[in-house]
């Protein structure tokens, strides 16, 4: 009976969303740009130089073309990622959603890119995040 109880408890802990959630950001190698940040699904992450003031400027049609990397909770974003110098966090966007940040800059993907692609570096102030 005790072993059954311990097994059930272990299953609950392992099934916990906080324990099962993958980090929203990974370090990935790109042939052209070297080490970059990407989503867990290997989509390159960008920052927009217009947001160097650390405020959200990409909304509406901009955010449809450049979807922000969103999370449900700040607890899902580690402050540090192995092999990456810099600090991760979140910022609240208009409408209340939480966007992942790297060194206080908002992180975005590009809607027309697939996994393992970097098509828009240095396009209209958008830059892939190199680490």
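Listed by first and then second residue, the pairs with beta-carbon distance under 7 Å, at least 6 apart or on different chains, first residue in region 73-91 and touching a residue at least 60 places away in the same chain (Cβ under 8 Å), second buried (at least 17 other Cβ atoms within 10 Å of the Cβ), are 88/25; 88/77; 88/81; 88/100; 88/101; 88/102.
Note on region 85-131: residues that are within 13 Å of the chain's Cα centre (by Cα) and under 14 Å from residue 27 (Cα atoms) amount to 6.
Looking at region 49-60, can you tell me whether even one residue there is closer than 16 Å to residue 118 by Cβ and touching a residue at least 60 places away in the same chain (Cβ under 8 Å)? No, there is no match, as no residue in region 49-60 is closer than 16 Å to residue 118 by Cβ and touching a residue at least 60 places away in the same chain (Cβ under 8 Å).
Each value in this text was obtained by applying a stated rule to the coordinates, not by laboratory testing. Keep in mind it's a predicted model, so treat the numbers as computed, not measured. In this analysis, Cβ positions are derived from the backbone assuming ideal geometry, glycine residues included, and neighbour counts consider all displayed protein chains.
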